[in-house]
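Okay, so here's the structure we're looking at.
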Amino acid sequence: MENITTIADKEYILFCDESDRHGKFYSNFYGGVMVGSSHYQRITTRLNETKAELHLHSEVKWEKVTEVYLAKYQQLIHHFFEEIKAGNIRIRIMFRQNAHIPQNLRRDQIDLEYFILYYQFIKHAFGLEFVSEPIRLRLYFDTFPDTKERSEQFKGFLLGLTKTTKWQQIQINQEDITEIRSHDHVLVQCLDIVLGSMSFRLNDKHKEKRKGSSRRGKRTIAKEKLYRFILNEIKNIHPGFNIGISTSARGDLKNRWNDPYMHWVFVPKSEEFDSGLTKSRGRKHNKKDPA
């Protein structure tokens, strides 16, 4: 794909969400949608107006996808991806392949897995170390499913990133790290759909059949069609895109910041690969797109 050039904002908003902490083949799905403050209101208004025109009056979510609402969800996601392709929105998806088994983890690392992986996602996925000019960053998270003490500790670690050399161009104020309700933010809702579709396909949920039947349910078929639609939108940005591998920076690490859409397969520094946990035993599955 060609690099997309947009007018740099001095302030960015990063909405974050997560899905499927435990999957059959892939787990710990994290997603982020970043938008410049100069585009935020216009894009939010556009997507909310699209929802209203489609009579989608409640929160849209991946789990709500049905045959009846499929076409409406496709239209909404198409508008969402138009903004991504224009370079007005950046999307990052991170997940972990179960076959890469972490080694020598301490008890506290296991207990804090949710926040540790979230920290790695924020620190690396968007390539913020390659920002060329000072920016202010606001971080909005769906409500944390953990104690207030751990949540506050996590926020403190995020603030600490701005004290590092690589993040010297990034300003984050304490009040800029906030927990929100996805119901109130259409960008998070669209992110939820994209994130859910990736977990759905990577974990072979499209193959699931109704209990006591040899056929798949209508909801499963509708979800697979929406996943295919989303994949096609991504391929309009990255031809030949592979959902199950880390997206290439194409020889220039600055593209981790510049690219509108990227995936990152998180692999622990200390790990052992168990081919028995892949879809094709004996083959490192993350080398090839499962789609």
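In the set (1) among the aliphatic types (A, V, I, L, M); (2) over 23 Å from residue 206 (Cβ atoms); (3) touching a Phe, Trp or Tyr at 6+ places or on another chain (Cβ under 8 Å); (4) open to solvent by less than 30 Å² (accessible area, probe 1.4 Å), the condition left unmet by residue 101 is number (4). Being without any contact (Cβ under 8 Å) to a residue 60 or more places away in the chain and under 15 Å from residue 14 (Cβ atoms) is a description that applies to residue 178. When residue 250 is tested against (1) surrounded by 14 or more Cβ atoms within 10 Å (Cβ to Cβ); (2) over 17 Å from the mean Cα position of the chain (by Cα), just one condition goes unmet, and that condition is (1). Of the listed requirements (1) crowded, with 20+ Cβ neighbours inside 10 Å; (2) hydroxyl-bearing (Ser, Thr, Tyr); (3) modelled with pLDDT under 95, residue 30 misses just one: (3). The set of residues in the range 276-291 that are touching a His at 6+ places or on another chain (Cβ under 6 Å) and either open to solvent by 30 Å² or more (accessible area, probe 1.4 Å) or at pLDDT below 85 (or both) contains only 279. Scanning the range 243-264 for residues that are touching a Lys or Arg at 6+ places or on another chain (Cβ under 8 Å) and of a type in the set (Val, Ile, Thr) yields 243, 245. Helices (runs of 4 or more DSSP H) fully within the range 78-176 that include at least 2 residues being among the aromatic types (Phe, Trp, Tyr): 113-124, 148-161. Within the range 135-171, the residues that satisfy the criterion of being within 23 Å of residue 38 (Cα to Cα), open to solvent by 30 Å² or more (accessible area, probe 1.4 Å), within 22 Å of the chain's Cα centre (by Cα) and modelled with pLDDT of 95 or more are 136, 138, 140. Only one of the listed residues (230, 221, 243) is in contact (Cβ under 8 Å) with a residue 40 or more places away in the chain, of a type in the set (A, V, I, L, M), more than 19 Å from residue 122 (Cα to Cα) and open to solvent by 20 Å² or more (accessible area, probe 1.4 Å). That residue is 221. Looking only at the range 54-71, residues that are surrounded by 17 or more Cβ atoms within 10 Å (Cβ to Cβ), assigned to a helix (DSSP H, G or I) and either free of Cβ contacts under 8 Å to residues at least 24 places away in the same chain or not aliphatic (A, V, I, L, M) (or both) come to 1 in all. Looking only at residues of the range 255-275 that are of a type in the set (D, E, K, R) and farther than 18 Å from residue 31 by Cα, we find that the one that is surrounded by the fewest Cβ atoms within 10 Å (Cβ to Cβ) is 269.
The values are calculated or read from the model by the stated rules, or taken from the named source; none is laboratory data. In this text, all values refer to a predicted model and were calculated from it rather than measured experimentally. Positions of Cβ are generated from backbone atoms using ideal geometry, with glycine treated the same way; all protein chains shown enter the neighbour counts. Note: areas computed on protein heavy atoms with side chains; ligands, DNA, RNA excluded. Shrake-Rupley method; radii C 1.70, N 1.55, O 1.52, S 1.80 Å.
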